[in-house]
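Engineer: First the structure, then my questions, so here it is.
The values are calculated or read from the model by the stated rules, or taken from the named source; none is laboratory data. Note that the coordinates shown come from a computational prediction; the quantities given were computed from them, not determined experimentally. Counting neighbours? That spans all protein chains shown, and the Cβs are built from the backbone with ideal geometry, glycine included. These area figures cover heavy atoms from the full protein model, side chains too; ligands, DNA and RNA do not enter into them. Shrake-Rupley method; radii C 1.70, N 1.55, O 1.52, S 1.80 Å.
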Amino acid sequence: MTSLQRWRTAARERDERGPTGLSLLPWLLMGLGALSHLLGGEAPNPWIGGLGLLAFNSVYIAIVFRAFDPRSRETPLTWGLLIGLGVLTFALAIGYGREWLLLFPLLGLGVGAVVRRGRLLPVITFPLVLAVGAVTFWRDGWDSVGIVYGTFISIMVTAAILALDETVRQLRATREELARAAVEKERLRFSRDLHDLLGHTLSVIVVKSEVVRRLAPHDLDAALAQVADIESVGRQALTEIREAVTGYREGSLATELDRARDALSSAGIEPVVRRSGPLLEPQTEALLSWVVRESATNAVRHSGASRCEIDLTGSADRVRLTVTDDGRGPSDTTPGSGLRGLRERVAAAGGTLDSGPAPRGGFRVTAELPVETPAPHEGEPTE
């Protein structure tokens, strides 16, 4: 790692941590005037003043470091230290005046760092500034108006800057959390797509391979036709997987119905497809295509059915897809991962998906979705 990269990494880490108590330590230089007053021998009771200045600096340092720790900022100890700092500041300012009045802006920095935001900030600020004004006018007259203004500004600016920094870091953390959630959502979407794509395609390939095995000894031409179908299904699966990876796949319902009919026929299941109702939005067609694909795949894999009916009907505001087989029905009524994923997708689109035993035996999957376009589209029932 180069020195420039190390510098950038360190800068990024500092930016993530935000400011620390060290940011407010340089302002202690404002107390040099009071120290000079003591060393110059102009202050009465210099030992008391020296101990008071040492205590002020110590309490100030403790407060600013605790103010930048969220766990200790609003604890009773921090508030006790802040009150103690206020008492020390007023005592030293009243006792010595002059350069000692510059301790008031330092007190303002401590107040702004601890309070920062909320209704408590003006409740503390305005009485404190009025008290500072009374002391400074009494000790130094109108010449000390800058001290009062500096105290007010130190409180408000410190509170505003630190509150803004805290808000920015919270927003940054929220943005990162949203980004992680978006990645997880996209990962889940892709896993569902891949499950549905490969589950259906591999089921069709397995069924057609079994047909080839049965036909090869007796009818080579028919077996070769099934092999050609397997090749076609495999190529189509590769195309769909590439499209799913790039995120641009939208299923065609008519194409999916044809594929379902072919897969069911290859498995020895009589397909019955009926479609009527309005034209559908591409998003609705894509979602219903997934339902057809998953239901047909389950029928081929698990049902042992001899007949599977796919009914698509719609009105001006709703479309309903029902896939029913006459097989042995589910041994476990708990939906598989494919149906659970479809249920979540359909619910996200404002619809419903139900699955379970059919009234006359077998298994039924029913999906309902809202329709946005009312243009009529009638089709003839086909078998």
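Engineer: For the stretch 322-334: of the residues being polar (S, T, N, Q) and either under 18 Å from Val204 (Cα atoms) or open to solvent by 50 Å² or more (accessible area, probe 1.4 Å) (or both), which is modelled with the highest pLDDT?
Structural biologist: Thr334
Engineer: Out of (1) open to solvent by less than 50 Å² (accessible area, probe 1.4 Å); (2) at pLDDT below 85; (3) of a type in the set (A, V, I, L, M), the odd one out for Val319 is which?
Structural biologist: (2)
Engineer: Moving to a separate point now. Go through Val114, Val145 for me and flag whichever is buried (at least 21 other Cβ atoms within 10 Å of the Cβ) and of a type in the set (Val, Ile, Thr).
Structural biologist: Answer to the check: Val114.
Engineer: Now, a different point. Out of everything in the stretch 279-307 that is in a helix (DSSP H, G or I) and among the hydroxyl-bearing types (Ser, Thr, Tyr), what residue ends up being modelled with the lowest pLDDT?
Structural biologist: Filtering the stretch 279-307 for residues that are in a helix (DSSP H, G or I) and among the hydroxyl-bearing types (Ser, Thr, Tyr), the one modelled with the lowest pLDDT comes out as Ser303.
Engineer: Conditions first: (1) in a loop (DSSP other than H, G, I, E, B); (2) more than 15 Å from Leu369 (Cβ to Cβ). Ile310 passes all but one, so which condition is the exception?
Structural biologist: Going through the list (1) in a loop (DSSP other than H, G, I, E, B); (2) more than 15 Å from Leu369 (Cβ to Cβ), Ile310 breaks only (1).
Engineer: While we're looking at this one, here's another question. Out of the stretch 194-205, which residues are open to solvent by less than 80 Å² (accessible area, probe 1.4 Å), modelled with pLDDT of 70 or more and out of contact with any Gly (no Cβ under 9 Å at 6 or more places or on another chain)? Explain how you work it out, then say what you get.
Structural biologist: Narrowing the stretch 194-205 to residues open to solvent by less than 80 Å² (accessible area, probe 1.4 Å): 194-201, 203-205.
When the remaining residues are screened for being modelled with pLDDT of 70 or more, the result is 194-195, 198-199, 201, 203-205.
Of everything in the stretch 194-205, those that are open to solvent by less than 80 Å² (accessible area, probe 1.4 Å), modelled with pLDDT of 70 or more and out of contact with any Gly (no Cβ under 9 Å at 6 or more places or on another chain) turn out to be Leu194, Leu198, Ser203, Val204.
Engineer: Looking at (1) acidic (Asp, Glu); (2) under 30 Å from Thr20 (Cβ atoms); (3) open to solvent by less than 70 Å² (accessible area, probe 1.4 Å), which is the only condition Asp219 fails?
Structural biologist: Asp219 satisfies all of (1) acidic (Asp, Glu); (2) under 30 Å from Thr20 (Cβ atoms); (3) open to solvent by less than 70 Å² (accessible area, probe 1.4 Å) except (2).
Engineer: Can you tell me which condition Ala181 does not meet? The list is (1) within 21 Å of the chain's Cα centre (by Cα); (2) at positive phi, and all the others hold.
Structural biologist: Here Ala181 meets the rest and fails (2).
Engineer: Same structure, new question: Could you check Ala347 against (1) open to solvent by less than 50 Å² (accessible area, probe 1.4 Å); (2) under 28 Å from Glu240 (Cα atoms); (3) aliphatic (A, V, I, L, M) and say which number it fails?
Structural biologist: Only one criterion in (1) open to solvent by less than 50 Å² (accessible area, probe 1.4 Å); (2) under 28 Å from Glu240 (Cα atoms); (3) aliphatic (A, V, I, L, M) is unmet by Ala347, namely (1).
Engineer: Read through the list (1) in a helix (DSSP H, G or I); (2) at pLDDT 85 or above; (3) open to solvent by 20 Å² or more (accessible area, probe 1.4 Å), then give the number of the only condition that Arg274 fails.
Structural biologist: (1)
Engineer: While we're on this one: For the stretch 73-109: of the residues being in contact (Cβ under 8 Å) with a residue 60 or more places away in the chain and over 15 Å from Ala163 (Cβ atoms), which is surrounded by the most Cβ atoms within 10 Å (Cβ to Cβ)?
Structural biologist: So, considering only residues that are in contact (Cβ under 8 Å) with a residue 60 or more places away in the chain and over 15 Å from Ala163 (Cβ atoms), the one surrounded by the most Cβ atoms within 10 Å (Cβ to Cβ) is Leu103.
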